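Down below is the structure, laid out as structure tokens.
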């Protein structure tokens, strides 16, 4: 009986394995895209820290911190969907990708609007003796999203 079960398992694996490379490749590409979002959020957070060390703002610091938390949470959901997904075309995974890109895009737009990306001082804002923040760039959500697509 054990021999029959092993034979069935081996035949099942042989039938499944030819489709595996494509699925593994698609999941690897999606995982790289999710990692890119995470890395961009890390850069955004480091830039935020340098910017607000020089230009503190009681109003804007909490807005940016909230946007970073939202983008991290959405990216965590995407990573969980990638880890649990059966296929890259899974609807939950596509929704998770869209939400991660949306929240990241909102974070980037906020940093751009506040002048954080350019290291631009706010008009009439507070200044400290901290070093001037350096300008930095972040990819757009479209740049990230176009680098990996879910195929249906």
| query | Points 7 angstrom from Cα along the Cβ direction at residue 140 and residue 98: gap in nanometres? | reply | 2.0
| remark: Checked region 57-127 with the C-alpha gyration tensor, a ≥ b ≥ c its square-rooted eigenvalues, rounded below a/c of 1.5, otherwise prolate if a/b is larger than b/c and oblate if not; verdict prolate
| query | At a Förster distance of 25 Å, what's the computed FRET efficiency of residue 127 paired with residue 66, Cβ-Cβ distance as r, to 0.05? | reply | 0.55
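Each reported figure results from applying straightforward, stated rules to the coordinates on display, with no laboratory input. The model shown is predicted, which means the values in this text are computed figures rather than measured ones. Here the Cβ is made from the backbone with ideal geometry for all residues, glycine too, and neighbour counts use every protein chain on show.
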